[in-house]
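The values are calculated or read from the model by the stated rules, or taken from the named source; none is laboratory data. What you see is a predicted model, and the numbers here were worked out from it, not measured in a lab. Using ideal geometry, Cβ is built from the backbone for each residue, glycine included, and neighbour counts are taken over all protein chains shown.
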Amino acid sequence: MRVIVFGAAGRTGRHVVAKALGHGHEVTAFIRKTQINPDHPRLTVVSGDVRDSDAVRHAMVEQDAVAFALSATSGGANIHETGIASVVFAMAEQRVPRLAAISAAGTFDRSNPRLSLAYRAKVATVLRATYDDLEAMERRIMATDLAWTIVRPVGLTDEPASGHYRVSLDGSLLPKAKGISREDVASLTMKALETDTYWRRAVVIAR
């Protein structure tokens with residue numbers, strides 16, 4: 001399978017690239033500024049802005065699946081919404097069917113008591129614009145006819161993959177959820193692209 005990863009230079013996107021290569025796929029890493037050394041025979045690196053529809057359209061040619069792994073600091077306000085707009089348009093044009101996009105737990109459910117009080121306070125203040133952007137991104141994805149999956153992690157960490165995590169298939173927050181490693185999130189993202197288990201679902205992942 002030929003997989004293009006948007007946000008490939010980010011802390012989570014790098015793990016998605018590594019997992020995709022480890023599973024034997026041909027990978028295109030779409031990056032904005034940070035450089036990746038293309039030292040793998042199945043890795044191609046493309047520089048561009050995800051909001052640039054022409055750059056995205058060009059990179060989408062002959063792809064089979066898309067992993068959308070932009071971080072909150074990927075560049076500018078509404079980066080997730082504007083970026084996914086370019087991506088889903090190019091996917092439709094090039095007939096690329098599969099999409100897995102990384103969001104965050106608590107979207108459309110920001111006041112849920114299963115989120116810690118401290119985190120709910122952050123979502124209501126410093127993370128408010130980020131959550132607005134993520135929810136707008138999710139709405140755009142859900143409005144498409146793509147074979148999409150939205151992955152909503154709880155508290156991303158840089159710990160090594162545990163391989164042991166829980167997944168809520170209906171997007172609801174999990175009880176006693178703990179932070180999840182970026183590498184585990186990358187594993188679930190690839191499962192979403194490789195199988196039909198999470199087709200057209202928003203899933204929460206946590207320990």
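Tabulated data for the structure shown
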| item | result |
| --- | --- |
| Condition met for ALA8 (of a type in the set (Gly, Ala, Ser), within 19 Å of ARG57 (Cα to Cα) and not in a loop (DSSP other than H, G, I, E, B)) | no |
| Residue, nearest to SER116 (Cα to Cα), within the stretch 177-207, restricted to residues that are out of contact with any Ser or Thr (no Cβ under 8 Å at 6 or more places or on another chain) and without any contact (Cβ under 8 Å) to a residue 24 or more places away in the chain | THR197 |
| Tally of residues being buried (at least 20 other Cβ atoms within 10 Å of the Cβ), of a type in the set (Gly, Ala, Ser) and part of a strand (DSSP E or B) across the stretch 20-56 | 1 |
| Of residues in the stretch 152-165 being out of contact with any Ser or Thr (no Cβ under 6 Å at 6 or more places or on another chain) and not in a loop (DSSP other than H, G, I, E, B), the one surrounded by the fewest Cβ atoms within 10 Å (Cβ to Cβ) | LEU156 |
| So ASP158, is it touching a residue at least 24 places away in the same chain (Cβ under 8 Å), more than 19 Å from HIS23 (Cα to Cα) and acidic (Asp, Glu) | yes |
| Whichever residue in the stretch 57-73 is surrounded by fewer than 20 Cβ atoms within 10 Å (Cβ to Cβ) and closer than 22 Å to ARG11 by Cα and, among such residues, is farthest from the chain's Cα centre (by Cα) | THR73 |
| Single match in ALA192, ALA105, ALA186, ALA177 (criterion: hydrophobic (A, V, I, L, M, F, W, C), under 21 Å from ALA67 (Cα atoms) and assigned to a loop (DSSP other than H, G, I, E, B)) | ALA105 |
| Flag if MET1 is of a type outside the set (D, E, K, R), touching an Asp or Glu at 6+ places or on another chain (Cβ under 6 Å) and over 21 Å from ALA104 (Cα atoms) | yes |
| Residue in the stretch 115-123 that is touching a His at 6+ places or on another chain (Cβ under 9 Å) and either in contact (Cβ under 8 Å) with a residue 12 or more places away in the chain or at positive phi (or both) present | no |
| Residue in the stretch 166-186 that is nearest to LEU99 (Cα to Cα), counting only those that are surrounded by fewer than 20 Cβ atoms within 10 Å (Cβ to Cβ) and of a type in the set (Ser, Thr, Tyr) | SER168 |
| Matching entry among THR125, THR107, THR157, THR149 (being of a type in the set (S, T, N, Q) and closer than 30 Å to HIS58 by Cα) | THR149 |
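Quick grid of which residues meet (1) of a type in the set (A, V, I, L, M, F, W, C); (2) modelled with pLDDT under 90; (3) surrounded by 12 or more Cβ atoms within 10 Å (Cβ to Cβ); (4) not in a loop (DSSP other than H, G, I, E, B):
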| residue | (1), (2), (3), (4) |
| --- | --- |
| VAL123 | yes, yes, yes, yes |
| ASP133 | no, no, yes, yes |
| MET137 | yes, no, yes, yes |
| THR149 | no, no, yes, yes |
